[in-house]
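Take a look at the structure below.
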Amino acid sequence: MHAPFDPDDLLFRFFRGETTAEENRTLLAWKRASGENRARFDTLRNLWMVSATAAPDSTPDPAAALARLKRAIARDEEAQQPLERPAQPNEQQRAPHDGQRPSDKRHFGQRPPERHPQPLPREERQARRRSVLRSFVRSAAAVLLLAGAAGGGALLHRAIAPAPPAAEALAERFVPDTMLFRASRGSLASATLPDGTVIRLNAGSTLTYTTDYGREERTVALQGEAFFKVRADAERPFVVRAGELAIVATGTAFNVKAYPEEQFVTTTLESGSVRVQGLSRRNRSFDIELTPRQSCLYYRGGDSVLRSGTLHPEEAALAEQVRAKEIPALRISNVKTLLHTSWKDPRWIVEYETLASLAEKLERRYNVTIRFRQSEAGAYRFTGAFENETIEEIMRLLRHATPIRYTIERGRITVSVDPSRRRTFENAAG
């Protein structure tokens with residue numbers, strides 16, 4: 001019969017190579033004694049392997065951790081012990097003499113009466129120790145799993161695969177971090193994703209993806225406008241989630257405009273191919289394939305757009321079809337892709353766009369606020385190009401091209417119709 005021993009202490013000394021041959025035989029017999037012992041051995045071995053391969057200055061010493069654990073267990077057991085030994089059934093409490101209360105006064109130099117705590121039964125202490133140790137193992141597994149996922153996932157996989165049950169449960173609950181890429185109002189931004197996909201982000205836009213991007217799938221979520229130059233990968237398509245839509249590509253260059261405050265989502269293909277997938281208002285799925293120089297215009301809903309007179313002709317065509325046939329998306333061919341993508345270039349091209357629509361873009365691009373005193377002022381259309389102009393220079397250009405006047409004060413621009421020039425402008429327009 002083996003003498004009593006602490007298996008956890010022996011296990012850690014075994015992993016450190018500090019046990020004797022006799023202790024190794026004792027440990028082997030203990031391991032074979034039960035399935036619980038084998039599971040504990042495998043779990044602690046895997047944790048040791050991970051900690052041993054990590055940087056020594058960033059990973060605590062498992063032996064020191066075990067010592068701290070034992071001290072915590074001892075404190076826990078001491079806290080759980082009763083303050084006084086319970087009275088025995090045949091032991092009677094002595095009453096005070098002469099009807100007086102017992103005195104609490106202590107004479108100088110007299111020690112207070114000692115209290116003798118009743119120790120817990122051996123089986124209960126062992127059960128409590130095992131419970132605390134299992135909690136420690138689960139916590140350690142969680143820390144090591146998260147650390148490996150952040151910087152050494154492959155090493156962690158080699159060290160603990162197949163994972164013990166506790167580690168498997170933790171891995172199933174692991175949620176990848178979300179990466180946020182943002183271009184604030186008044187600025188443009190660019191970035192390269194881990195797979196080499198290049199993104200240009202328009203002002204007032206955000207793009208998110210998770211830290212497991214590229215492992216099994218390549219999915220990003222967009223609010224705003226972005227131009228994508230996707231690295232080809234037929235096995236893992238690139239997916240842009242834009243509101244209600246999923247735009248799927250492999251190796252492609254395309255633009256998606258999906259500002260949440262706007263009623264249309266526009267996907268324009270420059271090269272390659274994409275599929276625009278979504279649901280109609282009657283929950284009927286649609287899948288529209290685009291080829292170069294095609295756009296897909298998706299209408300999000302709302303009747304006000306059908307009564308608007310300031311839409312771009314393409315938007316007006318879709319609005320009419322939505323009203324008449326309830327078609328949620330329209331494929332447009334032979335589009336001028338520069339009208340949808342030049343916002344990212346030094347020369348920004350605009351063609352036959354209402355001032356109301358153009359004002360929304362200028363607000364984001366220059367971080368200003370533009371208000372029209374009359375709806376008529378926003379209905380005038382403009383065709384031209386901007387190249388590194390300030391917002392003041394752009395407003396002067398718009399004033400020469402349309403019968404408007406404006407004021408600028410602390411980032412707020414107020415636009416109204418110029419009556420003195422309106423008649424001249426209308427006569428010149430025909």
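The values are calculated or read from the model by the stated rules, or taken from the named source; none is laboratory data. Everything numeric in this text was worked out from a predicted model, so none of it was measured. Positions of Cβ are generated from backbone atoms using ideal geometry, with glycine treated the same way; all protein chains shown enter the neighbour counts. Please note that ligands, DNA and RNA were not included when accessible areas were found on the heavy atoms of the full protein model with its side chains. Shrake-Rupley method; radii C 1.70, N 1.55, O 1.52, S 1.80 Å.
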* **Accessible area of the range 191-310 divided out per residue, in Å², using a probe of 1.4 angstrom** => 45
* Structure fact -> Measure of exposure for E23: accessible area at 1.4 Å probe, Å² rounded to 10, is 50
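Given R₀ = 56 Å, what would the calculated FRET efficiency be for A33 paired with T208, taking r from the Cβ atoms and rounding to 0.05?
That gives a FRET efficiency of 0.60.
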* Compute the distance in nm between two label points, each set 7 Å from the Cα along the Cα-to-Cβ direction, one at R399 and one at A189. => 3.5
* Structure fact -> Taking 346-358, 194-206 and ranking on average Cβ neighbours within 10 Å, highest first, one gets 194-206, 346-358
* Can you pull the one-decimal nm distance between simple spin-label points at A246 and K336, each 7 Å off the Cα toward Cβ? => 3.5
* Asked: Hey, rough spin-label estimate for E409 and K344, points 7 angstrom out along Cα→Cβ, what's it come to in nanometres?
  -> 4.0
* Fully extended, how many nm does the chain gain between D418 and Y352 (0.36 nm per residue separation, minus their Cα-Cα distance)? -> 21.7 nm
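Take every Cα pair under 8 Å in the range 328-430 that's 6+ residues apart, average their separations, divide by the length, and report that relative contact order as a whole percent. Mind showing how you got there, number by number?
Details: 118 pairs, mean separation 25.8, N = 103.
Over the range 328-430, the number comes to 25 percent.
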